[in-house]
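What follows is a short report on a single structure.
The values are calculated or read from the model by the stated rules, or taken from the named source; none is laboratory data. Everything numeric here is computed off the predicted structure, so don't read it as measured data. Note that each Cβ is placed from the backbone with ideal geometry, even for glycine, and that neighbours are counted across all protein chains shown.
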Amino acid sequence: PKIITIVGGGSTYTPGVVKAILSKKDTFPVKEIRAYDIDEERQNDVAIIVKEVVKANCPECNFFTTTDPETAFKDSDFIFAQIRVGKYAMREQDEKIALKHGAVGQETCGCGGLAYGLRTIYPMVEILDMVEKYAAPNHWILNYSNPAAIVALALKKLRPNARIINICDMPVAIINSFADILHCDPHDIKPDYFGLNHFGWFTDIWVNGESRFEELRQHAIAHGYLCDVPDEQHWEPSWVHTYGNVKPMMERFPDYLPNTYLQYYLLSQDIVNDANPDYTRANEVMDGREKTLFDAIRRYKETGKYDDGMFVVGAHGTFIVDLAESLCRENGGRYLLIVKNEGAIADLPDDAMVEIPCYVSPRGVEKISVGHIPTFYKGMIEQQYACEKCLVEGAIENSYTKVLQAFALNKTIKSSTQAKAILDDMIIANKDYWPEL
Ligand code: G6P
Ligand code: MN
C-alpha cells in the first residue's frame, strides 16, 4: 500500500481527490494520505471534510495534516501537487489588471498566466527539493499546479531530473463531453492530440478502433462542446459559455477540435468585450466553489452534519488517481501529458514541453510520436512557446526585458505599449511574490 501526500492540502479540490483515491482502494491500495500546506488554518478546515470522506470510504486509511515538509514527504510514494500561490486574491489581481488595460484577464492564458507563472516557479522548485530529500526513491510527483505549461518548462530547466509528471484535467473534461456527445464510455475514447498545455488540438477521436471525428466536428460546428448531458464539474454559466465558444473557433478553423483554452487567443477581443472588469472568474470561484465548501465546513462545526454534495470529484480527482494507478501496473494506460518534446512533434524545439499522448507504466512515461503539424498550428505554438520561454528565462535571469518580451509575444496582447503598461502594474501587485526584475 502506498503513501500519498497532497500538496496544497487546503485546496477545495482536496476532498474530491481523497474520495477519488479511496474509491480505487481495491486496485490501488493506499495506507496513508497526508495533506501538506503552508496555510495551516485553511488546511485544517478542509481536513474536517476530508476526515469524513476517509471515514465513509476507507476508515483503515490513515489521514493527517501537516505544515512540516519532513513529516509530509518522508517515504512518500506519490506527491499530488495543486498549489495556488497568492490564492484567489492574486488570481483576481491578474484578471482585473489585464482587463483594466483591455487585455484578456485569465488565470493561465495571456498576461494573467504569465503573472501566475512568475509566482509559482520558485515555490514549486522548493517543493521539488524537499520531495527529493525526503520522499521514497521511486516517488512520483503528479503536478496540477498552474500555469502548468510555464511551470513544466521552468522545472525542466531548473530541476531536469525531478521525478515529476505535469498534468492538466482539461483534455479529460473535454473527452468526457465527447463521450456524452457520442453516447459512449469515456474510457473507450482514444484521442490523438498535440500542442502545449491549454494550447492544443484534438486531431482524431477513436472509439473502439473507429474514428468518430467527423460526428464530433459537425457537433462542434453546430453547438461547440455543449450537449444534452451537462458536465457535473462544468455546469456553471461561465463554463457553459466556454464550451459554447468552441463553435466560432470551429466555424473558422474546422480541421481540428480545439482545447477550450484556445478561445483566449483566437477570440481575445470577444472575450474582453464580454468580460466584466469588476467581477471576474476569480470572484465567481470565491463566491461559488470556495464559499460553498467553507460555509459547509462552518455549518459542520456548528451542527456536526456532513453531506457529500459540497464538493465534486470530477475529472480533476479521477484523472490524477488513474494516472498514479497506471504508474503501478503494466499496460497502465494512455494519457495526454505535458512532456519534453524531443522530436515527438517534428519541427518544434526539443526542449519545448508539449501536451501529447503518452503510455504510462511502472517504467514511467513513454511518448507517442505526433510527427509534422500544419503551418498555422506550428506558428501559433511557436509563438506561445517563445512567450513562455522568455518568461522562464526572465524569472531565472531576473530580467525585466525578457519578461516584457514574454508579455509582448503573447497573442492576447496588442502591442508592446500595452504589454509594458500591464507588466508595470503587475510588478507592483506581485511585489511579495515575484522574483526581482
Ligand atoms: C480546468 C483546467 C485547470 C483550471 C481549472 C480552472 O480544470 O484544466 O487548469 O485550473 O479549469 O477552473 P476554475 O473553476 O478555477 O476557473
Ligand atoms: Mn489545466
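Structure summary
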| read-out | value |
| --- | --- |
| Subset of the stretch 339-351 that is surrounded by fewer than 24 Cβ atoms within 10 Å (Cβ to Cβ) and of a type in the set (A, V, I, L, M) - its residue that is farthest from ASN197 (Cα to Cα) | ALA346 |
| Check on ASP278, more than 16 Å from ligand 1 (Cβ to nearest atom), acidic (Asp, Glu), over 14 Å from TRP239 (Cα atoms) and in a helix (DSSP H, G or I) | no |
| Inter-residue pairs, beta-carbon under 8 Å, first over 16 Å from VAL53 (Cα atoms) and surrounded by 14 or more Cβ atoms within 10 Å (Cβ to Cβ) and in the stretch 284-303, second modelled with pLDDT of 90 or more and not small (Gly, Ala, Ser), 6+ apart | VAL285/TYR88; VAL285/ARG91; MET286/TYR88; MET286/GLU92; ARG289/THR12; GLU290/THR12; GLU290/TYR88 |
| Qualifying residue in the stretch 224-245 (condition: free of Cβ contacts under 8 Å to residues at least 40 places away in the same chain, within 16 Å of ligand 2 (Cβ to nearest atom), of a type outside the set (Gly, Ala, Ser) and touching a Phe, Trp or Tyr at 6+ places or on another chain (Cβ under 9 Å)) | yes |
| Test result for ALA173, within 16 Å of ligand 2 (Cβ to nearest atom), outside any loop (DSSP other than H, G, I, E, B) and within 17 Å of CYS358 (Cβ to Cβ) | no |
| Residue list for the stretch 143-170, restricted to those being within 16 Å of ligand 2 (Cβ to nearest atom) and assigned to a loop (DSSP other than H, G, I, E, B) | TYR144, SER145, ASN146, PRO147, ILE167, CYS168, ASP169 |
| In the stretch 379-411, the residues that are within 24 Å of ASP347 (Cβ to Cβ), part of a helix (DSSP H, G or I) and touching a residue at least 60 places away in the same chain (Cβ under 8 Å) | MET380, ILE381, GLN384, TYR385, CYS387, GLU388, LYS389, LEU391, VAL392, ALA406 |
| Residues satisfying the stated conditions in the stretch 6-64, i.e. part of a loop (DSSP other than H, G, I, E, B) and acidic (Asp, Glu) | ASP26, ASP37, ASP39, GLU60 |
| Index of the failed condition, LEU182 passing every other in (1) touching a residue at least 12 places away in the same chain (Cβ under 8 Å); (2) within 16 Å of ligand 2 (Cβ to nearest atom) | (2) |
| Residue in the stretch 102-113 that is farthest from the chain's Cα centre (by Cα), counting only those that are buried (at least 24 other Cβ atoms within 10 Å of the Cβ) and more than 15 Å from ligand 1 (Cβ to nearest atom) | ALA103 |
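Let's see how each residue does on (1) at pLDDT 95 or above; (2) among the aliphatic types (A, V, I, L, M); (3) closer than 14 Å to ILE422 by Cβ; (4) part of a loop (DSSP other than H, G, I, E, B):
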site	(1), (2), (3), (4)
GLU107	yes, no, no, yes
GLY113	yes, no, yes, no
TYR116	yes, no, yes, no
ARG119	yes, no, no, no
TYR122	yes, no, no, no
LEU128	yes, yes, no, no
LYS133	yes, no, no, no
ALA136	yes, yes, no, yes
ILE141	yes, yes, no, no
